[in-house]
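Reading through the C-alpha cells given below for one structure.
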Amino acid sequence: MAAPPPADERPLVMLAQPLFPEFAAALAGRYRFVLLADADAPAAAEVRVLLVGGLPLVTAQHLGALPALQLVACTSVGVDHVDLDACRSRGLSVTNAGAAFAADSADYAVGLLVAVLRRVAAADTYVRSGRWTADGDYPLTTKVSGKRVGIVGLGNIGSRVARRLAAFGCAVSYHSRSPKPSAPYPFVPALRELAAGSDVLVLSCALTDETKHMVNRDVMEALGKGGVLVNVGRGGLVDEPELVRCLREGVIGGAGLDVYQNEPAVPPELLAMDNVVLSDHRAVLTTESIGGVLEVVIANLDAFFSGRPLVSPVQL
Ligand SMILES: O=CC(=O)O
C-alpha cells in the first residue's frame, strides 16, 4: 500500500491580495498561502498571520473574520490602509517594511525637489517638442544648493532626505511629533512655522488621524509664492483641492508629487502645470528595494513562527 503523502508542515499565511510573482515564488517554499477572498471557514479559523502585499484596504471586518489572527505583516512602510484601531483593540501585532525602502524613497524625494526647482521635466518636454530650436533657451530656473528645506517626519526616509540635502548645502530643519535628540537639524514645533522658514517642504511622514490634511491653505500660504511642496508620504497629508487652488493662484511656486488622495486618480488640472512634477507612487520601488522588503517580510514571518521578537514592529 502506498504511504500517505507527508503532512504539509509549512505554516499557513493568509494573503490580503495576490503577491508580486517574485515575492510569491520566494515565499512558497516556506509557507502555504490562502487568499483572503477565497478562504474557507477552516482556513479563516486557523490563520494566525495576514500578509498584506501592496496597499489594499484591510478593514475591521476583514480582521474580525479571522479569530486566531495575531500578526498583520505589511510589505509597505506606511500602514494607513490597515484599520490600526481594530488591530490595537484586538491586541494584534503589525509589521511594516522597516527601512527597506528608505534610501530609494529619499533618493526620489531629492529627485522630485531638483526636478521641480530646475524644471527638469518641463525642459525635457520643451526640447522634445522642438521649441529649443524654434523659441530659444528654456527660461532660467532657481538654484537647488543652499535652499532652506523643511522636512516633515524625520524617520527612516526623512533622515535620509536630510543627509542628502545637507550634502547639497541646503539648510535643513524639521517638524515631527517630537524632537529627535540625535538629529543635528533644528526642530520646529509648528508645521506653519516650518513652512514659513522653508523654500521647500518635503513630506515623509505617516498618514494618521493627526497628520491628515496637515498641509492646508494656511501652511501653503506660509510656504509662500516661491515655495515648493514635495510629497513622497501619502496624498492624504495634503488638502489636495486646496493644493490645486494654491498652485493655480500662485500661492506656492510648484510641487513634486508621488502620492495622491485617490490613487490612481490625479487632479486633471495638475497635468497642465509645468511647475509640477508627477509620478505614480513609485518613490519606494526599485528592483533592489523589492529584494530588501522580501528579506524583512521573511525575517518577520520567521520570527513570528519561531517565537522570536519581530524585526520591524509598528508602534500602535
Ligand atoms: O508608499 C509606499 C509604502 O508605504 O511602502
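The values are calculated or read from the model by the stated rules, or taken from the named source; none is laboratory data. Keep in mind the model is a prediction, meaning the values are calculated, not measured. Glycine gets a Cβ as well: all are built from the backbone with ideal geometry, and neighbour counts include every protein chain shown.
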When the residues of the range 273-314 are filtered to those that are away from the ligand (no atom under 16 Å from the Cβ), part of a loop (DSSP other than H, G, I, E, B) and without any contact (Cβ under 8 Å) to a residue 24 or more places away in the chain, which remaining residue is nearest to Ala121 (Cα to Cα)? Pro309
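Listed residues Asp104, Asp137, Asp80; which is among the acidic types (Asp, Glu), crowded, with 21+ Cβ neighbours inside 10 Å and under 27 Å from Val228 (Cα atoms)?
The conditions single out Asp104.
Here's the yes/no breakdown for (1) in the same structural domain as Leu229 (by TED's automatic domain parsing); (2) under 18 Å from the mean Cα position of the chain (by Cα); (3) closer than 30 Å to Gly53 by Cα:
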site: Leu69; (1), (2), (3): no, no, yes
site: Asp80; (1), (2), (3): no, yes, yes
site: Ala86; (1), (2), (3): no, no, yes
site: Val94; (1), (2), (3): no, yes, yes
site: Arg118; (1), (2), (3): yes, no, no
site: Trp132; (1), (2), (3): yes, no, no
site: Asp135; (1), (2), (3): yes, no, no
site: Arg148; (1), (2), (3): yes, no, no
site: Ile157; (1), (2), (3): yes, yes, yes
Pick out, from the range 79-176, the helices (runs of 4 or more DSSP H) lying fully within it that include 2 or more residues that are under 30 Å from Ala60 (Cβ atoms). 84-90, 102-117, 156-167
Among the residues of the range 210-235, what is the count of those that are assigned to a loop (DSSP other than H, G, I, E, B), more than 16 Å from the ligand (Cβ to nearest atom) and without any contact (Cβ under 8 Å) to a residue 60 or more places away in the chain? 6
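Kindly indicate whether any position in the range 67-81 is of a type in the set (Asp, Glu) and modelled with pLDDT under 95.
no
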Just for the range 299-309: of the residues that are aliphatic (A, V, I, L, M) and crowded, with 17+ Cβ neighbours inside 10 Å, which one is nearest to Leu27 (Cα to Cα)? Leu301
